[in-house]
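To keep things clear, I will list the structure first and then write my remarks on it.
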Amino acid sequence: MKILVCDDRGDDALSVAQRIKQASSDYGFDAEVTVFSKKNELKNDEEKAALAKLEASFPTSDLKGAITDLFAREEAAVESNTLGEGAIAFDGFDIAVIDSNLAYLHITGARHTADTVAGPIRSFSTTPYLVSTNGADFDFDLQYLVGDPKTVADFGIPASHLGSQWLWKRTSSKLESFRPWYWPDLLNAPKRRREQIKLIGDNIDNSIVKTLDFPKGVLSSIPRSAVAWLSPDADDPRADESALSKVTFRTFFRNACRSLPRNESEALADSKAAWAKDVIARVVAAELEHWLRRELLGPQEVLVDSPHLISRMPFLLGSVAPTSDRLQASVESSDPPYGIDKGLYAAHLAIDDRQFKNEPWLDRPAFWRPPLMDSGAIAKLALEYNQSSDFVFLEDQSRFEKRNTGESGPWEFVSKFDSAGTLRYVGQLEGVRYAPKSSFSV
Amino acid sequence: MKKTLWFKVDASLIKELGERLIGRADIALGELIKNSFDADATTCRVVFGDDRIEVIDDGHGMDADSFEQFWMRVGTTHKLQKRESPGGRTMTGSKGLGRLATQFLADRLEITTARRRHPSLRAWVDWRDATNSSDLTSVGVKIEEKEVPNSDFPNNSNYGTKVTLLGLKQTWDTQTLETLGNSLWQLRSPFRQKGTDQEGFDIEIAASGIQGAEEAFNKGLERVFDNWRARIRGRLSDGRSGAKASITLEFKADYGADDAEEFKERVTLPVRPDWGEESLIDRCRFEILIFNLSGRQTAGLHVGELREYLQSYGNIGVYDNGFRLPYYGASVDPGGYDWLGLAADQARRLSVSELLPERLRVDGRYMLDLPAQGRVFGAVEISTQWERREVRGKGEYLEILSGRDRLHDNGAFRQLRDLIRYATDLYANRYRQRVLRQSEEDRDRESSVDTQKRALTVLERNKDEIPTRVYRELKKDVESAIKATEAHEEDLDRRAAILAPLASAGMAALALNHEIGRETRLLQDASARLRRLARRIGEPELVELADQFEAIRGRMLALQELFAPLLDESDKAAISRLKVRAVARQTVDAMRPVTPGVSYSTSGIPDDLYFPQGSFAEWSALIQNILSNAWNAMLQSETRNVVFVGGQRGRKSWLRISDTGRGLGVPLEEAAKFFQPFERGIELDDKLRAAALGGQGLGLAIVRMIASRRNASVRFVEPEEGFATTLEVGW
């Protein structure tokens, strides 16, 4: 896997690169790390020494030059409808890890951050997956359960977690206690993204929800905030479900994309150039995955993943009493029936309209919840279930734990999703920063 | 046998038409000037000579055909049908009545006209013949084709038209010429002459009696544009398709308030539903300059000159296709002079606009700031031609009356009037808001002592009108109030001197907190490398060192938690009622690293006890300060316990926080003083001072400040059993 680390400070860039390299050797995955950092206009000996150290360990290029070329490509694309010849420095990686503060680069104009460059990198380079680091002062996002909720990158975390096994190799990582359920599976993310881009490229003027095979019955269950994210027009209170069905990948790019300024997305949406289609597909793939993660799966209302499904419907484990091991299978297992009773899975979940066809969109199995809630058979199972389950799912540790009313947790919190059933739990580990604190008190 | 009979129109009707429809010399002459404009002239020169007036232009002229087809035909509507002149100007005339009006000025008319690639043409009309004839068809216009000298047309043009009026019906002396000049100079919109969209059409008047008058008029106009204090600009485009009108309001600095300011507002037509449900106007724009007729003006203009100029040429006019409709804004007719009802509303002391929406409400009777006509200079530009086409034969539109001086008083006109009034009312509203804000700011700037000293000055000034005894008593009271206030302000200054550096330190702490994040990452790297090294060379001491690094990192991370609520927008927002127990638990966790060895218990707080509405940052700060205070009190105690107990009875709720410190040291009834700023209850010796938190005497003052802001109270109560001090927060 080719990983690019972008950090204007040489010592920080080295630290991040080393952390990733160490993770690759510790957890057995291949990582070829390249660094873009500040190489020119170094002010003092400290900066020069940090660069020398960095260059001795990793192939290093100038970040300012790379960003300048990137912006030139963006300008040519928008102003002159041309992409320019050849590759740019940001092309050809699988993942780019970008520090949130790029102020030391002294690029003329507004101060640059990961978010000011993430959109252009996504749009105008072939690097599919972007991680921003240190944009938020916390480790666990209680608000939207996505990481740094403000980032334009695919995922935002503190750089200190880049060495975590859970980020790279989910299986057999029981040694770590901090294992946020919402973290993505980074190792497989670039491959999935490329598949998404291809799918969108082949369907650019087709309906998003039809291409992604949304069952018709779930459209009315999608909250308005989620609809608005996809298209401001479809959010019109007078619009019916068909308005949502009409949103195509291209119209989403034109009207609701967050990676590029509106005037740019409008210009590119109208471009007939072949490369413009690639730009649209890359941007929409990233933003659509984010939409699915945050708006549909995050609240666990429209889509629900296996641990949350089991938490809410413990009867899907069968007639035996739930134990932490049995529940944990819903977290660890990546194959059907995902810890669910085989017979019940076959009868109630392995059905076209109930299973989200997750490849290549989500890195975990998920189910459409509205048809489950409407099912008479499921309601009957719930009524007949006579076991009690005191377990809650800890979002910060991806494991089940007995509910406790004392002073030692698990602690309930309320996320910002505008739906019912927003109560979630964390174990609150020492040394881990959770934000916002008010989520525990609402 | 059938035969056709024809109506015969009496020729005196021409006179009737001309004089009745266009009954003013300036309007009649204006119509001829409009003809020049429609002919794409760049200059129209009006020359007053001996018993003659010449109107000469350098437009494209007429040939024999067009003269006969259009000029000779009264009531022709070709200008209505034709949208633009060959040069691209929107045509101004409408029914060809202008030429009839000339008989109002003179008995005879001579026309010389030259058109490209056509022989020049000369024509004569004697209106006296016309009116003496029995019917219209017998009015003769003599016509001949003849070469015309180039110099006849302005700018040495080879083409153009010269209309000469001979046998004038009135004597043109200096006064009447001046009046006419004023009217003609104002014929074009001043904003078109001065603004960005100049059309290159000059009206020159040559008359021996008023030499220099035009120059004076133009100079005055320049100064008007230099001296405005507020400017309203508005534009409506596609109004009939439902587009909103936009209004921009600019205030110059030092007018109403210190700063220059700009407001933007959008309004849907009709402004009020009285005149229909949809906009009856498609296009319009306006610009209104407002002046301050007191104080110094710029460019050396004397305020008297400005006042005089505005009195002559001010007010808000209406321009149809760039030509003024003489009725509006002119002092000839009171209805036209106050066509917007500004004077009427001032007279009835209207205090609140009938047009502005509720959201623009400001304190005070802002409509009294409505500008009088004498201090405004403005133009409302419309195009009746355009509106007529846009309405497509259905419904009301801005329609010019045959008299050529005003619009039909229909729904469209009323909508226009409302729109302009909305803008003027908005000006009054925003002006008052600026004044109020400025006076608030000035009041803030003025110290209480200064205010009181001003009162003393007023008292001195009016000394003779007050009985001596009353004066003395008042003076004594005011003087002692000044002394007391001076002492109070000194005290405030002293506090501010400490508060400002403390607040700065707080902000620096937040920045430092962010930097700690970076340091902890480097510590994490260092300890990981140490561990790897320890494994490789088998050195257990390195593992211990790595553990120490990790422990330091853990403490640094925990310290960051103290600031966390101030860094998160949700934690700073007071949008809901928060659970007391959860807030207490989070705050205690954050305080643990700075209060080592303290045993905390929050289990005495019921899970369903909620604080009043407030932010997490506020309640967390309140508890942090109470705990810091408790920590300082417990520094010399052997046992360090803090217990939280919460409760509710009826509608009263409370949270009690007890500690095992040294106690208040004063009777309970005197303990309230500890909530005063800079009151310190605990004097610590030097050894302990290093371990204390805060110690500025501000902690409990902050507790009281937060509590009272959130409708809660704080007080010390009888300590709970086993504890030295108990503080109660009640709500």
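Restricting attention to the range A:211-265, which residues are in a loop (DSSP other than H, G, I, E, B), open to solvent by 50 Å² or more (accessible area, probe 1.4 Å) and at pLDDT 80 or above?
Scanning the range A:211-265 gives A:ASP213, A:ARG258, A:PRO261.
Quick check: is even one residue across the range B:596-616 more than 9 Å from chain A (Cβ to nearest Cβ), part of a helix (DSSP H, G or I) and out of contact with any strand residue (DSSP E or B) (no Cβ under 8 Å at 6 or more places or on another chain)?
No: zero hits.
Can we say A:ASP137 is at pLDDT below 90, in contact with a Gly (Cβ under 8 Å, 6 or more places away or on another chain) and assigned to a helix (DSSP H, G or I)?
No, not satisfied.
Every residue in the range B:316-343 that is on the phi > 0 side of the Ramachandran plot and modelled with pLDDT under 85, please. If you could, list the steps in order and put the result at the bottom.
We begin by selecting, within the range B:316-343, every residue on the phi > 0 side of the Ramachandran plot; these are B:321-322, B:329, B:341.
Passing the criteria: B:ASN321, B:GLY322.
Scan the range A:329-349 and tell me whether some residue there is closer than 30 Å to A:ASN188 by Cα, open to solvent by 50 Å² or more (accessible area, probe 1.4 Å), at pLDDT below 90 and not in a loop (DSSP other than H, G, I, E, B).
Yes, there is a match, as at least one residue in the range A:329-349 is closer than 30 Å to A:ASN188 by Cα, open to solvent by 50 Å² or more (accessible area, probe 1.4 Å), at pLDDT below 90 and not in a loop (DSSP other than H, G, I, E, B).
Would you confirm whether or not the range A:365-388 contains a residue that is assigned to a loop (DSSP other than H, G, I, E, B), charged (D, E, K, R) and over 20 Å from the mean Cα position of the chain (by Cα)?
No: zero hits.
Kindly establish whether B:ALA558 is open to solvent by less than 30 Å² (accessible area, probe 1.4 Å) and more than 19 Å from A:VAL442 (Cα to Cα).
For B:ALA558, the condition - open to solvent by less than 30 Å² (accessible area, probe 1.4 Å) and more than 19 Å from A:VAL442 (Cα to Cα) - is met.
Quick one: would you say B:THR485 is within 14 Å of chain A (Cβ to nearest Cβ) and either among the hydroxyl-bearing types (Ser, Thr, Tyr) or not in a helix (DSSP H, G or I) (or both)?
No.
For the range A:94-108: of the residues being in contact (Cβ under 8 Å) with a residue 12 or more places away in the chain and open to solvent by 40 Å² or more (accessible area, probe 1.4 Å), which is farthest from A:LYS191 (Cα to Cα)?
Looking only at the range A:94-108, we keep the residues that are in contact (Cβ under 8 Å) with a residue 12 or more places away in the chain, and these are A:94-107.
Filter once more, keeping what is open to solvent by 40 Å² or more (accessible area, probe 1.4 Å): A:101, A:104, A:106.
Values: A:ASN101: 28, A:TYR104: 33, A:HIS106: 34 Å.
Filtering the range A:94-108 for residues that are in contact (Cβ under 8 Å) with a residue 12 or more places away in the chain and open to solvent by 40 Å² or more (accessible area, probe 1.4 Å), the one farthest from A:LYS191 (Cα to Cα) comes out as A:HIS106.
Give the residue, chosen from B:GLY661, B:GLY646, B:GLY722, that is at negative phi, at pLDDT 85 or above, part of a loop (DSSP other than H, G, I, E, B) and not acidic (Asp, Glu).
Matching residue, one of B:GLY661, B:GLY646, B:GLY722: B:GLY661.
Scan the range A:122-133 for residues that are open to solvent by 20 Å² or more (accessible area, probe 1.4 Å) and either within 14 Å of another protein chain (Cβ to nearest Cβ) or assigned to a strand (DSSP E or B) (or both) and report the count.
Count: 0.
Take residues that are over 24 Å from the mean Cα position of the chain (by Cα) and closer than 22 Å to A:ALA118 by Cα and tell me which of the strands (runs of 3 or more DSSP E) falling wholly in the range A:1-74 contain 3 or more.
A:60-62
Can you tell me which residue within the range B:640-665, out of those that are more than 52 Å from the chain's Cα centre (by Cα) and free of Cβ contacts under 8 Å to residues at least 24 places away in the same chain, is surrounded by the fewest Cβ atoms within 10 Å (Cβ to Cβ)?
For the range B:640-665, the residue satisfying everything is B:ARG649.
Name, by its number, the condition in (1) open to solvent by 30 Å² or more (accessible area, probe 1.4 Å); (2) out of contact with any Pro (no Cβ under 8 Å at 6 or more places or on another chain); (3) assigned to a loop (DSSP other than H, G, I, E, B); (4) over 26 Å from B:SER439 (Cα atoms) that does not hold for B:VAL352.
Only one criterion in (1) open to solvent by 30 Å² or more (accessible area, probe 1.4 Å); (2) out of contact with any Pro (no Cβ under 8 Å at 6 or more places or on another chain); (3) assigned to a loop (DSSP other than H, G, I, E, B); (4) over 26 Å from B:SER439 (Cα atoms) is unmet by B:VAL352, namely (4).
Test A:ASP352 against the stated conditions and say whether it is surrounded by fewer than 18 Cβ atoms within 10 Å (Cβ to Cβ) and more than 14 Å from chain B (Cβ to nearest Cβ).
yes
Regarding the range A:32-44, can at least one residue be identified that is out of contact with any Asp or Glu (no Cβ under 7 Å at 6 or more places or on another chain), among the small types (Gly, Ala, Ser) and modelled with pLDDT of 90 or more?
No, that holds for no residue.
Would you confirm, using the coordinates I've provided, whether A:GLU412 is within 14 Å of chain B (Cβ to nearest Cβ) and either within 21 Å of the chain's Cα centre (by Cα) or assigned to a loop (DSSP other than H, G, I, E, B) (or both)?
Numbers: within 14 Å of chain B (Cβ to nearest Cβ): yes; either within 21 Å of the chain's Cα centre (by Cα) or assigned to a loop (DSSP other than H, G, I, E, B) (or both): no.
When the stated conditions are applied, A:GLU412 does not pass them.
Any chance the range A:378-390 includes a residue that's within 14 Å of another protein chain (Cβ to nearest Cβ) and open to solvent by 20 Å² or more (accessible area, probe 1.4 Å)?
no
Kindly indicate whether A:GLY156 is modelled with pLDDT under 95, surrounded by 21 or more Cβ atoms within 10 Å (Cβ to Cβ) and within 14 Å of chain B (Cβ to nearest Cβ).
no
The values are calculated or read from the model by the stated rules, or taken from the named source; none is laboratory data. Note that this is a predicted model, so its numbers are computed, not measured. Note: ideal-geometry Cβ built from the backbone for every residue, glycine included; neighbour counts use all protein chains shown. With ligands, DNA and RNA removed, areas are computed over all heavy atoms of the protein, side chains included. Shrake-Rupley method; radii C 1.70, N 1.55, O 1.52, S 1.80 Å.
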